[in-house]
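Mind looking over this structure? Questions follow.
The values are calculated or read from the model by the stated rules, or taken from the named source; none is laboratory data. From a predicted model like this one, the values you see are computed outputs, not experimental measurements. Here the Cβ is made from the backbone with ideal geometry for all residues, glycine too, and neighbour counts use every protein chain on show. These area figures cover heavy atoms from the full protein model, side chains too; ligands, DNA and RNA do not enter into them. Shrake-Rupley method; radii C 1.70, N 1.55, O 1.52, S 1.80 Å.
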Amino acid sequence: MSKVAIIGVGQSSFVRGYPGSIRELAFEAYTEAMNDAELSNEQIGATIVCSAPEYDKQRSPAGVIAEYCGLNPQPTFYTESLCCSSTTGLRLAHAMVSGGMHESVMVLGFQKMSEITSAESQERMGRGADIQWESPFGTMMPAYYAMFAQGYLSQYGASEEDLALIRVKAATYGQLNERAVYRKPVELAQCLSADPVASPLKVFDCCANADGSSCIIVAGEDKVKQWGIKQPVWIKGIGSASAPVNLALRESFSSFAAATEAGRQAYAMAGIGPRDIDVAEVHDCFTIAEMLAYEDLGFAPRGGGPELIRAKQTYKDGSIPVNVDGGLLSKGHPIGATGGSQIRTIVLQLRGKAGDIQVKNPEFGLVHNMGGVGIYGNVVILGS
Amino acid sequence: MSGHKKPEADRRFARFGTVSFTATSKVNDFIDYLEDGQVCGTKCRTCGAVFFPPRAQCFKCRDQAAIEWFQVSGSGKLATFSELKYAPTGFGGDLPYAIAVLDMGEYKLFGRIGYVPLDEVRVGMELVPQAHQLPDGQIIYVFNRP
Ligand SMILES: [Zn+2]
């Protein structure tokens, strides 16, 4: 397999109620990534558009967005794996470039969650998983993650306070991120006394919905040289896995098998281990999700996640900084754009251009992006 | 065109749950068993695979003809649960309620906590799955104390 680099990254602000259409939202990330890579449209070989279709009114959005960005006649298509759609797009882009089908590919993720009414969203929420065997009992995304929180806390004797510490960290950095939807500080006591959503998760354990877009451009080694790309960031490892949708078919309620397996693949391909990672972005749609990620990725042993956050080891100056851009808990979670936003953060870190949240001389960065309640898992390792 | 009548659809599965999102399935007999008070899974006679939720097609040996029903019996251990404070459309009248996974050993069930007071529910407690008729004619199964 030939080497593949990320040569351009872009992201819109993540906001509540974007005052424009989906094509205009997607254009914001597109234009930033194109300016970043200093490319013209003729240099893009294909576009992969990523979102979660339950929020889209537009059918088959790839065509509309490619047209609006001036990316005809190159091929464009759509990919979806819920909340990790855009890292699935990146996996496809990697395969197309390393396999020689295209010299460069754009991965354009977006979600305008405010496109549908809250009543429509309330109705779709109940159909988030197995509609034949789970939804008839009255299920919701927070309750599924809450079941993993309950399983984890029961198994390891961890506390709701351990989960709240993750939100406090997220808010510490969310305040610094101009593109985050939630930028206020959050105190521990505030988290613990917040209204319950689905036990044991409370309001501050959950990320907010947001509208947003992200754009990642990849290219092969030849083009990186030919186009004079100044700071390419290389894809060193890329892993992907799936797990049963229905929780009745899961082995564990204190880990995600798809994340663990995707991580194993990514580390093996990169030829490194968890200790070599200098900065990470993990999928923290709920506080418990970040806790499980610490252990699924090997940053902590099983049951050792609480100790990691209590000792502030995942803060910017800790042994393994995690989500120092505020994470989804602060940034918001525009489903199809989320993975691309995580990739962008790590690319900026590896270029040394992350500003206030820059960690010291990172060599390897990791992105962990999950779809559904651990149904789909993608792990990407990047290196400068 | 032709005088053929469209075969009448078997919509028994539309009765499953407070709100059902599936009307027709190859395992519609599940609803009849539930009506008789039995929670049932399926077993493949060819390779011995046991399925819950039940299925009529075996992915292990790809046999579709040799599936038979079995009754879920005995108690299981509560693997995890969550009590909801908000509900999706159509479930608001059920609040507060808890969804849960019951581990029967050979297989697990995703369902709902029944008559156990929610402040007494603990991971690891012993519960039994039971058929449960709803007032409007819908039917589910819930987990109760043995
Ligand atoms: Zn079989």
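With the condition kept exactly as written, say whether any residue in the stretch B:91-104 is facing chain A (nearest Cβ under 9 Å), open to solvent by less than 50 Å² (accessible area, probe 1.4 Å), touching a Ser or Thr at 6+ places or on another chain (Cβ under 9 Å) and assigned to a loop (DSSP other than H, G, I, E, B).
Checked the stretch B:91-104: at least one residue is facing chain A (nearest Cβ under 9 Å), open to solvent by less than 50 Å² (accessible area, probe 1.4 Å), touching a Ser or Thr at 6+ places or on another chain (Cβ under 9 Å) and assigned to a loop (DSSP other than H, G, I, E, B).
Quickly run through the stretch A:343-382 and pick out the residues that are within 15 Å of A:GLY237 (Cα to Cα) and over 18 Å from the mean Cα position of the chain (by Cα).
If the condition is that a residue be within 15 Å of A:GLY237 (Cα to Cα) and over 18 Å from the mean Cα position of the chain (by Cα), then A:GLU363 is the only one that fits.
Looking at (1) touching a Pro at 6+ places or on another chain (Cβ under 7 Å); (2) outside any loop (DSSP other than H, G, I, E, B), which is the only condition A:PHE299 fails?
Here A:PHE299 meets the rest and fails (2).
Yes or no: B:ARG11 more than 9 Å from the ligand (Cβ to nearest atom), at the interface with chain A (Cβ under 10 Å from one of its Cβ atoms) and either touching a Cys at 6+ places or on another chain (Cβ under 6 Å) or not small (Gly, Ala, Ser) (or both)?
Spelling it out, it is not the case that B:ARG11 is more than 9 Å from the ligand (Cβ to nearest atom), at the interface with chain A (Cβ under 10 Å from one of its Cβ atoms) and either touching a Cys at 6+ places or on another chain (Cβ under 6 Å) or not small (Gly, Ala, Ser) (or both).
Checking B:GLY137 against (1) at positive phi; (2) within 16 Å of the ligand (Cβ to nearest atom), which test does it fail?
With (1) at positive phi; (2) within 16 Å of the ligand (Cβ to nearest atom) applied to B:GLY137, the lone miss is (2).
Okay, next question. Which residue is surrounded by the most Cβ atoms within 10 Å (Cβ to Cβ), if the candidates are limited to the stretch B:24-48 and must be more than 16 Å from the ligand (Cβ to nearest atom) and at the interface with another protein chain (Cβ under 10 Å from one of its Cβ atoms)?
B:PHE30
Also, I was wondering about something else. Restricting to the stretch A:87-129, give me the number of residues that are part of a loop (DSSP other than H, G, I, E, B) and more than 8 Å from chain B (Cβ to nearest Cβ).
Selection size over the stretch A:87-129: 9.
Still on this structure: Under 6 Å between Cβ atoms, which residue pairs at least 6 apart in sequence (or on different chains) link something in the stretch B:53-65 that is more than 19 Å from B:TYR107 (Cα to Cα) and open to solvent by 90 Å² or more (accessible area, probe 1.4 Å) with a partner that is at pLDDT below 95 and near the ligand (Cβ under 10 Å from one of its atoms)?
Listed pairs, sorted by first residue: B:GLN64/B:GLN57.
Would you call A:PRO244 open to solvent by 10 Å² or more (accessible area, probe 1.4 Å) and over 23 Å from A:MET1 (Cβ atoms)?
yes
If we keep just the residues of the stretch A:31-57 that are assigned to a loop (DSSP other than H, G, I, E, B) and modelled with pLDDT under 95, which is surrounded by the fewest Cβ atoms within 10 Å (Cβ to Cβ)?
Taking the candidates together, the pick is A:LYS57.
Just for the stretch A:141-155: of the residues that are surrounded by fewer than 24 Cβ atoms within 10 Å (Cβ to Cβ) and of a type in the set (S, T, N, Q), which one is nearest to the other protein chains (Cβ to nearest Cβ)?
A:SER154
Cβ contacts < 8 Å: first residue under 17 Å from B:LYS77 (Cβ atoms), restricted to the stretch A:149-161; second residue of a type outside the set (A, V, I, L, M) and in a helix (DSSP H, G or I), any location; separation 6+ or different chain. Result?
A:LEU153/A:GLU160
Do you know which residues across the stretch B:57-90 are within 16 Å of the ligand (Cβ to nearest atom) and assigned to a loop (DSSP other than H, G, I, E, B)?
B:GLN57, B:CYS58, B:PHE59, B:LYS60, B:CYS61, B:ARG62, B:ASP63, B:GLN64, B:ALA65, B:ALA66, listed by residue number.
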